[in-house]
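*Asks:* Got a structure for you, written out below as structure tokens; questions coming shortly.
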Amino acid sequence: MTNMKLMWWALGLGGLFTVLPVTIQEFLRPDNVLLSLIHAFQVNLMSGFVFYFVLGYALTQLSINTAKMWLAGVGAFIGTVVIIIGTESQSIVAGHLNQAFQANVNLWIMLQASGLFLIIRGLKLTKLSKTLKLISELSLPIYLVHPIFLGAILKLHLLKPDALHLLVAYVLVFMGATVFAWCYQGILRWLRSYFRPTVTRQYSQD
């Protein structure tokens with residue numbers, strides 16, 4: 001219990017000094033005094049990777065019921081809507097893709113990711129265990145390579161700052177990264193199966 005309390009305290013401090021400033025500053029004008037204070041006193045207590053690692057572990061310790069699943073769904077929906085509207089409005093003003101509302105430690109991304117995570121936990125999809133296992137295996141490669149596909153779309157000037165073009169671009173990026181991740185995992189499995197018998201034979205001969 002003590003460890004859980006310390007973990008929630010760490011998440012609370014990280015949310016107060018890292019997540020909240022990142023979220024608020026996107027709604028402030030450049031000459032706003034509050035923005036200057038945020039830049040002066042913002043403390044990056046946790047990186048995105050560490051924050052979500054701790055948050056993910058904390059969420060696995062929560063008991064899930066129907067009410068919490070609905071609450072998680074509402075949070076995920078609000079986060080998604082704000083990300084879409086915020087990205088479109090900021091991109092139109094900037095004249096190019098502005099991903100300020102998609103920062104890793106942004107409150108809206110956190111609501112979206114945490115909400116979907118809790119919903120999947122609560123559904124207990126045992127029949128889809130193979131699918132979930134595949135998604136789990138592909139998630140890290142997709143995360144690592146998706147900027148390459150997004151960069152290619154930006155280089156080719158195929159992206160315009162409106163909701164339709166943004167949606168199409170993100171679908172293409174996700175599909176490209178997923179295909180790459182699937183091929184990567186297939187090659188990795190083939191290499192493991194190809195070299196494992198050789199290693200086994202060498203040990204048996206010794």
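The values are calculated or read from the model by the stated rules, or taken from the named source; none is laboratory data. On a predicted model such as this, the values are computed, not experimentally measured, just so you know. Here the Cβ is made from the backbone with ideal geometry for all residues, glycine too, and neighbour counts use every protein chain on show.
*Asks:* Could you identify the single residue in His146, His96 that is modelled with pLDDT of 80 or more and not hydrophobic (A, V, I, L, M, F, W, C)?
*Replies:* The unique qualifying residue is His146.
*Asks:* Sticking with this structure for a sec: Are any of the residues in the range 113-126 among the polar types (S, T, N, Q) and either in contact (Cβ under 8 Å) with a residue 40 or more places away in the chain or in contact with a His (Cβ under 9 Å, 6 or more places away or on another chain) (or both)?
*Replies:* Scanning the range 113-126 turns up at least one residue that is among the polar types (S, T, N, Q) and either in contact (Cβ under 8 Å) with a residue 40 or more places away in the chain or in contact with a His (Cβ under 9 Å, 6 or more places away or on another chain) (or both).
*Asks:* Scan Leu55, Leu34, Leu59, Leu20 and give me the residue that is assigned to a helix (DSSP H, G or I), over 21 Å from Trp9 (Cα atoms) and at pLDDT 70 or above.
*Replies:* Testing whether each residue is assigned to a helix (DSSP H, G or I), over 21 Å from Trp9 (Cα atoms) and at pLDDT 70 or above leaves just Leu34.
*Asks:* Within the group Thr66, Thr87, which residue is surrounded by 15 or more Cβ atoms within 10 Å (Cβ to Cβ) and not aliphatic (A, V, I, L, M)?
*Replies:* None of the other options fit; the residue is Thr87.
*Asks:* Follow-up. Suppose we filter Ile85, Ile120 for residues that are out of contact with any helix residue (DSSP H, G or I) (no Cβ under 7 Å at 6 or more places or on another chain), under 25 Å from Leu159 (Cβ atoms), part of a helix (DSSP H, G or I) and not small (Gly, Ala, Ser); which single one remains?
*Replies:* Among Ile85, Ile120, only Ile85 is out of contact with any helix residue (DSSP H, G or I) (no Cβ under 7 Å at 6 or more places or on another chain), under 25 Å from Leu159 (Cβ atoms), part of a helix (DSSP H, G or I) and not small (Gly, Ala, Ser).
*Asks:* Looking for something modelled with pLDDT of 80 or more and more than 15 Å from His96 (Cα to Cα) - is there at least one such residue anywhere in the range 193-202?
*Replies:* yes
*Asks:* Name, by its number, the condition in (1) aliphatic (A, V, I, L, M); (2) surrounded by 17 or more Cβ atoms within 10 Å (Cβ to Cβ); (3) under 20 Å from Leu11 (Cβ atoms) that does not hold for Ile78.
*Replies:* Here Ile78 clears every test but (2).
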